[in-house]
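Only one structure is covered here, and it is reproduced in the block below.
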């Protein structure tokens, strides 16, 4: 029975550390590092660095991989053409991955000298489109974004200003999710939590995984990714860390993206992300080596333990069932677990007919997210995935 207790508490501790203690550890470490940086900043009499003038700006290629984006592509083009960046230094590369709707026609109608369009007839998946666009571009900086993302006017300027530092390989902007309807998706709350983690990891030089809708890197550092890659933004940015570079987070380089109105619309997308997470773990397990410093801590705490949180939840529930008969503390913990899952089930059923009740959003989202990870884990083990992607309702 002692062995069962140890397993229970290890599983419970892993969950608590991942979601609650790690953010505290991260904030403390980043605060200490920032304090040291501020002391140097004051002692050297430094001033805040302004945005660069046009004469020192690099050339930029914005890459957009699209599949059946007739709802967003025209507005995306208008948004990019309106960027506060010298027109002669910015070119837009759009690749259509075998789109079967009006995407290709809409891009053709928006014909512009700064747009390079490649309508690929065969659907091969986003990684292949990104690789082809990156090989086609000749600009200094590659900026990656999605068809349903919208940049703030100065987003590109704020991304590229950091590349004067040769140690920075990738710069991630801040992606803000906005509800497409009056019903708020609980995923938005989770995303705000993720933004906080990214901010403090960025301070430590431990940022892992850029925001796919708004990030950039030097073209010379881009390495083609395998065609079956699921989470392309994570793989691209982590590959730079493995090259000895670091990823920087700039919360002032902002973009927005519409989210689905219901959590059920996100489940399929999260399953696919889950598959990509386990794929990334296999490919980048070396990032756990202590030589990567804070990045190794972030990979273990923010990624690996998070990806195996659903496994820990199952273990905690099963071992709690065994232990409940022997001690009132375990009976109370079992009641708490069962009640939490019942609330999630009630909220899920209620959400099918409309909005999830506000008090139930957290349990519904938490359980749904981890169930999607479990399904993703199973599909990864059985090989039920490919590099192509399907749109979610937005």
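For segment 241-317, the Kirkwood radius over C-alpha pairs fed into Stokes-Einstein at 25 °C and 0.890 mPa s yields D = 162 µm² per second. Rounded to the nearest 500, the helix-only mean residue ellipticity at 222 nm of the chain stands at -15500 deg cm²/dmol, with each DSSP H run of n ≥ 4 adding -39,500 (n - 2.57).
Working note: Debye formula, equal point scatterers on the alpha-carbon atoms of segment 203-331, no solvent; log10 I(q)/I(0) at q = 0.19 Å⁻¹ is -1.17.
Fewest-first ordering of 319, 382, 145, 59 by other beta carbons within 10 Å of each residue's beta carbon gives 382, 59, 319, 145. Among beta bridges from DSSP that stay inside segment 54-297, the antiparallel ones total about 25%.
Each of the peptides 18-30, 357-369 was scored by the mean count of other Cβ atoms within 10 Å over its residues; in descending order, highest first, they stand as 357-369, 18-30. Taking the square roots of 5 times each eigenvalue of the Cα gyration tensor of segment 70-139, largest first, gives ellipsoid semi-axes of 20, 16, 9 Å. For segment 85-222, the C-alpha radius of gyration sits at 1.16 times the compact-globule guess of 2.2 N^0.38 Å, with N the residue count. Helix 22-43 against the longest principal axis of the chain: what's the angle in degrees, Cα atoms only, rounded to the nearest 10? In the chain, helix 22-43 runs at an angle near 40 degrees to the longest axis. A Förster radius of 41 Å combined with the Cβ-Cβ distance from residue 355 to residue 25 puts the calculated FRET efficiency at roughly 0.70. Each label was represented as a point 7 Å from its Cα along the Cα-to-Cβ direction; for residue 242 and residue 2 these points are 4.2 nm apart.
Every read-out reported here was derived from the displayed coordinates using simple, explicitly stated rules and does not represent laboratory data. Note that the coordinates shown come from a computational prediction; the quantities given were computed from them, not determined experimentally. For neighbour counting, all protein chains shown are included, and Cβ atoms are generated from backbone atoms with ideal geometry for every residue, glycine included.
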